[in-house]
Amino acid sequence: MNSSKTADATRAEQLRRELAHHNHRYYVLDSPEVSDAEYDRLIRELQELEARHPDLITPDSPTQRVGGAPAEKFEKVVHRAPMLSLANVFNHEELSDFDERIRRQTGLAQVAYVCEPKLDGLAVTLHYEHGRFVRGATRGDGTEGEDVSANLRTIRSLPMELLPQDGVKVPGGLEVRGEVFISKKDFKKLNDSREQEGEPLFANPRNAAAGSLRQLDPRITATRPLSLYLYECVPGEGVPAFRSHTEKLEYLKSLGLPVNRYVRVESVEGVREQYGKSVEGRHALPFEVDGMVVKVDEEDLRQRLGQISKSPRWAVAYKFPPEEEATLVEDIQVYV
Ligand SMILES: CC(C)(C)c1nc(N2CCN(c3ncccn3)CC2)c2cc(C(N)=O)c(N)nc2n1
């Protein structure tokens, strides 16, 4: 390479690193260090360098998020480890049954549970190799999903390259799972703009997220305000063995991955209390939820409990009652 080309290559690599850092600050930590104008200036400088030297373009460049031509169809992907389902509990008594069965099977007087908002989105699995995002898929039937990598790349909070914080070592291979969703604020903006354009409105954020992620044309997906939170990490070479779920979530955060901050560790009494608060508090959350996911925190307890067919014995979805407007419709039907 001649000197100016080498200089350009060095500058392009430096810009990619800077932009990945600012992307993490803005979309994952929600605390930008630079203005949007400054961020756009950096992106434009990288785009100009890549236009001058197309061979400098790397797949994880922030300029590659906006996706290429549409695919004919989605490729099928078989999940290396099945994506499990969740048994539902609907009331305190069923929650107590869940807790009592675990205490009986483990001989423990008390169990620590992690409570996570149950995001009303769709489950995905993401693969990173040597820290680079290489592929992502929908959950599908738990065994086989669809490769939606090009669409996932458009999600700004999905790092194209892991950003290890405070000296964490990046594993050779990493598979993480989480939920793609659209926040309430972004959903309203999306439907308002569709109304302006005379386009059909989305019924709810979950449908909008599912429809956007399953677009064959990633350029359309890139116009949709998709968000992502990760909550699971599949065991793999170079991936530490975690003592608890909370430790696992800290690890995901330390790699620059977005993790929901509304997560708490509670005793079963605390879960009950948290559930009561969340039924009321769900309207204050920035995203739609249809319950809480209650998970045993300790990894060794999970191992001892295992799973029944497709659902873990160590986690349940603690569902909220359907929204009041649903009952209103029933009343009208009864009245009619
Ligand atoms: C890893 C385990 C199995 C414990 C797990 N599984 C989940 N799900 C399974 C069933 N899923 C599913 N999806 C479609 C059809 C049937 N099951 C949808 C994801 C979780 C979903 C959420 C969420 N929504 O916020 C969450 N915070 N944690 C989860 N944790």
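The values are calculated or read from the model by the stated rules, or taken from the named source; none is laboratory data. This structure is a prediction, so every number in the text was calculated from the model and none was measured. Here Cβ is always computed from backbone atoms with ideal geometry, including for glycine, and neighbour counts include all displayed protein chains.
Within segment 101-115, being farther than 12 Å from Leu301 by Cβ and surrounded by fewer than 12 Cβ atoms within 10 Å (Cβ to Cβ) holds for Arg104, Ala109. Counted as qualifying within segment 238-321 are the strands (runs of 3 or more DSSP E) with 1 or more residues that are more than 20 Å from Ala87 (Cβ to Cβ), namely 264-266.
For Val77, the conditions (1) modelled with pLDDT of 95 or more; (2) part of a helix (DSSP H, G or I) all hold with the exception of (2). Against the numbered list (1) at pLDDT 95 or above; (2) more than 22 Å from Val176 (Cβ to Cβ); (3) surrounded by 14 or more Cβ atoms within 10 Å (Cβ to Cβ), Tyr231 comes up short only at (2). Note on segment 227-237: among residues that are touching a strand residue (DSSP E or B) at 6+ places or on another chain (Cβ under 8 Å) and in a loop (DSSP other than H, G, I, E, B), the one that is nearest to Ala123 (Cα to Cα) is Gly236.
A quick yes/no check of all residues on (1) within 14 Å of the ligand (Cβ to nearest atom); (2) touching a residue at least 24 places away in the same chain (Cβ under 8 Å); (3) closer than 21 Å to Ser157 by Cβ:
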{"residue": "Gly172", "(1), (2), (3)": "no, yes, no"}
{"residue": "Glu175", "(1), (2), (3)": "yes, yes, yes"}
{"residue": "Ser183", "(1), (2), (3)": "yes, yes, yes"}
{"residue": "Lys189", "(1), (2), (3)": "no, yes, yes"}
{"residue": "Leu201", "(1), (2), (3)": "no, no, no"}
{"residue": "Pro205", "(1), (2), (3)": "yes, yes, yes"}
{"residue": "Arg219", "(1), (2), (3)": "no, yes, yes"}
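Within segment 249-260, one or more residues are touching a residue at least 24 places away in the same chain (Cβ under 8 Å), under 19 Å from the mean Cα position of the chain (by Cα), more than 24 Å from His79 (Cβ to Cβ) and more than 16 Å from the ligand (Cβ to nearest atom). A Cβ distance below 6 Å, combined with a sequence gap of six or more or placement on separate chains, defines the contacts here; from segment 106-117, residues that are more than 16 Å from Val316 (Cβ to Cβ) reach residues that are small (Gly, Ala, Ser) and not in a strand (DSSP E or B) in the pairs Gln110/Ser267.
Please work out if Asp166 is assigned to a loop (DSSP other than H, G, I, E, B) and within 16 Å of the ligand (Cβ to nearest atom).
Details: assigned to a loop (DSSP other than H, G, I, E, B): yes; within 16 Å of the ligand (Cβ to nearest atom): no.
Judged against the criteria, Asp166 is not a match.
Out of the residues in segment 65-77 that are buried (at least 16 other Cβ atoms within 10 Å of the Cβ) and not aliphatic (A, V, I, L, M), state the one that is farthest from Arg41 (Cα to Cα). Here the residue is Phe74. Here is the figure for segment 280-312: residues that are surrounded by 13 or more Cβ atoms within 10 Å (Cβ to Cβ), more than 11 Å from the ligand (Cβ to nearest atom) and over 20 Å from the mean Cα position of the chain (by Cα) total 6.
Name the residue, out of Ala12, Ala20, that is among the aliphatic types (A, V, I, L, M) and more than 21 Å from Ile155 (Cβ to Cβ).
Answer to the check: Ala12.
Hey, among the residues in segment 85-99 that are part of a helix (DSSP H, G or I) and hydrophobic (A, V, I, L, M, F, W, C), which one's farthest from the ligand (Cβ to nearest atom)?
Applying the first criterion (part of a helix (DSSP H, G or I)) to segment 85-99 yields 92-99.
After this cut, where a residue has to be hydrophobic (A, V, I, L, M, F, W, C) as well, the list is 95, 98.
Working: Leu95: 16, Phe98: 13 Å.
Restricting to residues being part of a helix (DSSP H, G or I) and hydrophobic (A, V, I, L, M, F, W, C), the top hit is Leu95.
You will find that of Val89, Val78, the residue that is in contact (Cβ under 8 Å) with a residue 60 or more places away in the chain, β-branched (Val, Ile, Thr) and touching a Ser or Thr at 6+ places or on another chain (Cβ under 8 Å) is Val78 and no other. Sub-6 Å Cβ pairs linking a first residue in segment 279-290 that is over 12 Å from Asp120 (Cβ atoms) to a second residue that is among the aromatic types (Phe, Trp, Tyr) and within 13 Å of the ligand (Cβ to nearest atom), at least 6 apart or interchain, are Val279/Phe320, ordered by first then second residue. Scanning segment 298-323 for residues that are closer than 19 Å to Leu119 by Cα and either at pLDDT below 90 or of a type outside the set (Phe, Trp, Tyr) (or both) returns Ser311, Pro312, Ala315, Val316, Ala317, Lys319, Pro321, Pro322, Glu323.
The single residue among Val168, Val176, Val124 that is aliphatic (A, V, I, L, M) and surrounded by fewer than 19 Cβ atoms within 10 Å (Cβ to Cβ) turns out to be Val168.
Applying the condition of being among the basic types (Lys, Arg) and touching a residue at least 40 places away in the same chain (Cβ under 8 Å) to segment 1-28 and asking which residue is farthest from Leu163 (Cα to Cα) yields Lys5.
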